[in-house]
């Protein structure tokens, strides 16, 4: 019998593949090779499964934001730039981000989760940039990769390789941001 975590993982897969409306008990049961009866062993209804899927997504993105910001306060400018470049490997599944952003347009709970995630990720990026540029420019510098990722999650015209290529280019150009800021 699938565990609660199995149902949530199947829900996350369905969300990434087809959006919030794809989180359906009958489809997930078929995917897991079980009857719908095993679902009720773990959840009171589809709404509680959706809430658990959304919570799992929130936790994963919170962990990512914490990892992004871990140890940044001790970094010098060069280490912060290297840390920024290393974040490329941590780019999450854009299909899942796209699905949750879409869900957030029509669901207040999903919007609150997405807003909290955005605030955490932007704060983590800003903490890195404060090591590289004067504090008054850190938010603007952090918005560049942040908005690139948000934009990527809003389209299906790009894939993960495209996103990583853009982030690699931004990471290379990040070394020039202090010079640009000095001219402002």
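Of all residue pairs spaced 6 or more apart or on separate chains, those with beta-carbon atoms under 8 Å, a first member in the stretch 13-39 that is assigned to a loop (DSSP other than H, G, I, E, B) and a second member that is exposed (fewer than 14 other Cβ atoms within 10 Å of the Cβ) are 34/1; 36/26.
Among the residues of the stretch 40-54, the ones that are surrounded by fewer than 18 Cβ atoms within 10 Å (Cβ to Cβ) and touching a residue at least 12 places away in the same chain (Cβ under 8 Å) come to 4 in all. Screening residue 169 with (1) closer than 21 Å to residue 97 by Cβ; (2) in contact (Cβ under 8 Å) with a residue 12 or more places away in the chain; (3) over 13 Å from the mean Cα position of the chain (by Cα) gives one miss only, at (2).
Do we have residue 143 as within 18 Å of residue 120 (Cβ to Cβ) and out of contact with any helix residue (DSSP H, G or I) (no Cβ under 8 Å at 6 or more places or on another chain) here? Here the answer is no, as residue 143 does not meet what is asked. Taken together, the residues in the stretch 158-184 that are outside any helix (DSSP H, G or I) and under 20 Å from residue 122 (Cα atoms) amount to 0.
Every number in this text was worked out from the coordinates using simple rules, so none of it is lab data. The shown structure was predicted, so the numbers you read here are calculated from the model rather than taken from an experiment. Quick reminder, even Gly has a Cβ in these numbers, built from the backbone with ideal geometry, and neighbours come from all protein chains shown.
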